[in-house]
Amino acid sequence: MIDNKKVLFSGMQATGNLTLGNYLGALKNWVSLSDEYECFYSVVDMHSITVRQDPATLRKRARALLTLYIAAGLDPEKNCIYYQSHVSCHAELAWILNCFTYMGELNRMTQFKDKAAKHADNINAGLFTYPVLMAADILLYQADVVPVGIDQMQHLEITRDIAQRFNGIYGDVFTIPEAYIGKTGAKIMSLQDPAKKMSKSDENVNASIYLMDDPDAIRRKCKRAVTDSVGEVRYSDEQPGVKNLISIYCACLGKTPEEVEREFAGRGYGELKEAVGEAVVSVLEPLQKRVAELEKDKSYIDGIIKNNAEKANYYAQKTLRKVQRKIGFPDRIR
Ligand code: ATP
Ligand code: LTN
């Protein structure tokens, strides 16, 4: 608890161009939770280097992501928005937690298996211990809740296991975090293959709507979305493409699938696709305008980066010092 509020932590990687899936599955929920909790939202740039990055691009993308957090509606005066690499406690705690995590546990992580297959020429140890750094992120701030998409549930489970193991040995050091999965938008699927999630690393640009896509591109991608031959607008697992379009529509406009089924009863997929395109444009266009405005104000963003890194460091150090004491590292001499 900080000031009688429960703590929330989440983060996103500054790799690739963010998609509508990232926004509806993660960012949008963050904004809706930000009044209720004391929030830490990190740009997890240290996670990004588990895959090879071009330095200039990484720096640019990290800044763009931090700006996007603010543009999406997170008030940087109230929420701690910061770069993971500006708080060295993340790396220090990750090392300690590495010593409380088993190879067998990490071997089961599906994201590791996926990424290892994708980057067969660079299966580095960081990629393998990625979930431990993620656990350190969350546990450093004694987070109660962690809003993530369904794909991150396994990492949340291992975080809880590591925390419980540590607490079992040393007493109540860490708060055990709970995942928070949003009701709509939890898993937005690819527009070209609704069996796969929409992902920023998809090679097919028509599969994903990028947050910075212009309105015409958004409309075109929705029009080209893969559906089926049933011909009825139903929210059903047997019609994954249509189901996905309905999910996107619901998440953008705050409607329920039942309402959408009623709205489109007797109407064709063409109309649904058009309506989804407009709904997405109505969400992304204002977001893009705010990003453009914020980008102009360099000193404002710089100030946020500096102040929030200090705030994050303060809380992170509190936990790290406690952990160091518990495991028997010698006290610092002041
Ligand atoms: P990559 O393609 O590089 O694996 P990604 O698009 O899956 O990346 P992440 O950086 O892993 O994105 O995820 C950032 C956040 O967005 C996470 O909380 C994740 O659960 C959420 N997210 C990502 N893709 C989707 C999606 N298609 N639907 C809902 N949430 C998503
Ligand atoms: N692994 C996450 C990003 C991430 C994260 C975190 C999310 C890193 N640290 C801590 C929540 C809490 C991802 O790839 N989406």
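The values are calculated or read from the model by the stated rules, or taken from the named source; none is laboratory data. Since the model is a prediction, treat every value here as computed from it, not as a measurement. Virtual Cβ from ideal backbone geometry, glycine too; neighbours counted across all protein chains shown. The accessibility values were calculated without ligands, DNA or RNA, using every heavy atom of the protein model including side chains. Shrake-Rupley method; radii C 1.70, N 1.55, O 1.52, S 1.80 Å.
How many residues are within 15 Å of Phe174 (Cβ to Cβ) and not in a helix (DSSP H, G or I) when one looks only at the range 127-159?
6
Here's a check for you: in the range 2-16, which residue that is over 20 Å from Tyr69 (Cα atoms) and in contact (Cβ under 8 Å) with a residue 60 or more places away in the chain is farthest from ligand 2 (Cβ to nearest atom)?
Initial filter on the range 2-16 (over 20 Å from Tyr69 (Cα atoms)): 2-6.
Those still in the list that are in contact (Cβ under 8 Å) with a residue 60 or more places away in the chain too: 2, 6.
Values: Ile2: 17, Lys6: 15 Å.
The residue in question is Ile2.
Report, by residue number, each residue of the range 129-164 that is out of contact with any strand residue (DSSP E or B) (no Cβ under 7 Å at 6 or more places or on another chain), away from ligand 1 (no atom under 13 Å from the Cβ) and open to solvent by 30 Å² or more (accessible area, probe 1.4 Å).
Let us first name the residues in the range 129-164 that are out of contact with any strand residue (DSSP E or B) (no Cβ under 7 Å at 6 or more places or on another chain), namely 129-136, 139-140, 149-150, 152, 154-155, 157-164.
Then keep just the ones that are away from ligand 1 (no atom under 13 Å from the Cβ); that gives 129, 132-133, 135-136, 139-140, 157-164.
Of everything in the range 129-164, those that are out of contact with any strand residue (DSSP E or B) (no Cβ under 7 Å at 6 or more places or on another chain), away from ligand 1 (no atom under 13 Å from the Cβ) and open to solvent by 30 Å² or more (accessible area, probe 1.4 Å) turn out to be Thr129, Glu157, Arg160, Asp161, Gln164.
Quick check on my filter: what residues within the range 176-186 are within 16 Å of ligand 2 (Cβ to nearest atom) and open to solvent by 40 Å² or more (accessible area, probe 1.4 Å)?
The answer is Ile176, Glu178, Tyr180, Ile181.
On the basis of being open to solvent by 30 Å² or more (accessible area, probe 1.4 Å), away from ligand 2 (no atom under 16 Å from the Cβ), free of Cβ contacts under 8 Å to residues at least 12 places away in the same chain and of a type in the set (Gly, Ala, Ser), does Ser229 make the cut?
Values: open to solvent by 30 Å² or more (accessible area, probe 1.4 Å): yes; away from ligand 2 (no atom under 16 Å from the Cβ): yes; free of Cβ contacts under 8 Å to residues at least 12 places away in the same chain: yes; of a type in the set (Gly, Ala, Ser): yes.
Yes: the conditions hold for Ser229.
Would you mind telling me which numbered condition in (1) open to solvent by 20 Å² or more (accessible area, probe 1.4 Å); (2) under 21 Å from Lys298 (Cα atoms); (3) not polar (S, T, N, Q) Ala14 fails?
Of everything listed in (1) open to solvent by 20 Å² or more (accessible area, probe 1.4 Å); (2) under 21 Å from Lys298 (Cα atoms); (3) not polar (S, T, N, Q), Ala14 misses just condition (1).
Is there a residue in the range 54-62 that is buried (at least 16 other Cβ atoms within 10 Å of the Cβ), under 14 Å from the mean Cα position of the chain (by Cα) and in contact (Cβ under 8 Å) with a residue 24 or more places away in the chain?
yes
Which number in (1) surrounded by fewer than 17 Cβ atoms within 10 Å (Cβ to Cβ); (2) more than 16 Å from ligand 2 (Cβ to nearest atom); (3) hydroxyl-bearing (Ser, Thr, Tyr) marks the one condition that Ser88 misses?
(2)
Only residues in the range 266-294 that are more than 11 Å from Leu211 (Cα to Cα) and at pLDDT 95 or above count as the first member; pair them with residues that are among the β-branched types (Val, Ile, Thr) and open to solvent by 30 Å² or more (accessible area, probe 1.4 Å), Cβ under 9 angstrom, at least 6 apart or cross-chain, and list the lot.
Close Cβ pairs (under 9 Å, with a partner that is among the β-branched types (Val, Ile, Thr) and open to solvent by 30 Å² or more (accessible area, probe 1.4 Å)) amount to Tyr269/Thr227; Leu272/Thr227; Lys273/Thr227.
Considering only residues that are crowded, with 21+ Cβ neighbours inside 10 Å and either more than 10 Å from ligand 1 (Cβ to nearest atom) or among the hydrophobic types (A, V, I, L, M, F, W, C) (or both), which ones fall in the range 195-226?
The answer is Met198, Ala207, Ile209, Leu211, Asp213, Ile218, Lys221, Cys222, Ala225.
Taking Asp45 and the conditions (1) of a type in the set (D, E, K, R); (2) open to solvent by less than 30 Å² (accessible area, probe 1.4 Å); (3) away from ligand 2 (no atom under 12 Å from the Cβ), which numbered condition does it fall short on, given that it satisfies the others?
Exception for Asp45: condition (3).
Condition check: part of a loop (DSSP other than H, G, I, E, B), within 18 Å of Val7 (Cβ to Cβ) and more than 11 Å from ligand 2 (Cβ to nearest atom). Does Asp172 satisfy that?
Values: part of a loop (DSSP other than H, G, I, E, B): yes; within 18 Å of Val7 (Cβ to Cβ): yes; more than 11 Å from ligand 2 (Cβ to nearest atom): yes.
The answer is yes for Asp172.
Looking at (1) surrounded by fewer than 16 Cβ atoms within 10 Å (Cβ to Cβ); (2) over 20 Å from Val7 (Cβ atoms); (3) within 12 Å of ligand 2 (Cβ to nearest atom), which is the one condition that is false for Ala125?
Every condition holds for Ala125 apart from (3).
Arg325: open to solvent by 30 Å² or more (accessible area, probe 1.4 Å) and either closer than 17 Å to Val230 by Cβ or of a type in the set (A, V, I, L, M) (or both), yes or no? Please lay out each step first, then the result.
Values: open to solvent by 30 Å² or more (accessible area, probe 1.4 Å): yes; either closer than 17 Å to Val230 by Cβ or of a type in the set (A, V, I, L, M) (or both): no.
The answer is no for Arg325.
Can you tell me which condition Met189 does not meet? The list is (1) surrounded by fewer than 20 Cβ atoms within 10 Å (Cβ to Cβ); (2) within 13 Å of ligand 1 (Cβ to nearest atom), and all the others hold.
Of (1) surrounded by fewer than 20 Cβ atoms within 10 Å (Cβ to Cβ); (2) within 13 Å of ligand 1 (Cβ to nearest atom), only one is false for Met189: (1).
Spot the failing condition for Ile333; the list is (1) within 30 Å of Phe174 (Cα to Cα); (2) open to solvent by less than 80 Å² (accessible area, probe 1.4 Å); (3) of a type outside the set (Ser, Thr, Tyr), and only one is missed.
(2)
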